[in-house]
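Okay, structure first, notes after.
The values are calculated or read from the model by the stated rules, or taken from the named source; none is laboratory data. Everything numeric here is computed off the predicted structure, so don't read it as measured data. Cβ sites come from the backbone with ideal geometry, for glycine too, and all protein chains shown count toward neighbours. Only protein heavy atoms, including side chains, enter the accessible area calculation; ligands, DNA and RNA are left aside. Shrake-Rupley method; radii C 1.70, N 1.55, O 1.52, S 1.80 Å.
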Amino acid sequence: ISVTYDPKQEVLKAQFRIYNKSKPKKALSGRSVVVFKSLDDPPIKWFSVPRVQLSDGKPSGKRGQAFKINNYRTMQFKAFRQKAPIRYNKALLFVFPREGQLLASKDFAFKY
């Protein structure tokens, strides 16, 4: 995952690549969400891209950015109107299959 901030446009961007490792190989579809947080803030101050409701800092899996992949796909997320200085220093990535159960999650610390 890579996270960047564009101060001119006030946009916080996250990009990651998701791989389909199913055996036998079949198309995978679902939804993904990135949650930005600060290590010092409680979950109520975290925010998600796309905007979805968080319960204890986690999305439900019913909403998010839709995807469909055969091998891999690069996903991009943008949070607009983010004024500097950005206080977030960690991104949590959530991937849900179409059924809504959590398929994968990973957190990443970042600096920009």
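To make sure I understand the rule: partners must be lysines, Cα under 25 Å from the Cα of LYS25, and not fewer than 8 residues away in the same chain. Which ones qualify? By straight Cα distance, LYS25 reaches LYS62, LYS68, LYS106.
Other residues within the sphere of radius under 13 Å centred on the Cβ of GLN9, judged by their own Cβ, net out at +3 (K and R +1, D and E -1).
Computed from backbone phi with θ = phi - 60° and the Karplus coefficients 6.51, -1.76 and 1.60, the 3J(HN,Hα) list for segment 33-46 is 9, 10, 10, 9, 8, 10, 4, 8, 9, x, x, 5, 9, 6 Hz; x is used for glycine and proline. Residues in segment 93-112 near a label at ARG73, defined as backbone nitrogen under 18 Å from the 7 Å Cα→Cβ point? Answer for segment 93-112: 93-106.
Taking all protein chains as present, what is the carbon and sulfur share of the accessible area of segment 38-112, in % to the nearest whole number, probe 1.4 Å?
48
Only lysines eight or more places from LYS83 in sequence, or on another chain, were considered; those with a Cα closer than 21 Å are LYS8, LYS13, LYS37, LYS45, LYS111. In this structure, the amide hydrogen of SER38, modeled 1.01 Å from its nitrogen in the peptide plane, lies closer than 5 angstrom to those of ASN89, counting only residues at least 5 positions away or on a different chain. Bridging of LYS26 to aspartates and glutamates at a Cα separation below 19 Å is possible for GLU99, once same-chain residues fewer than 8 apart are set aside.
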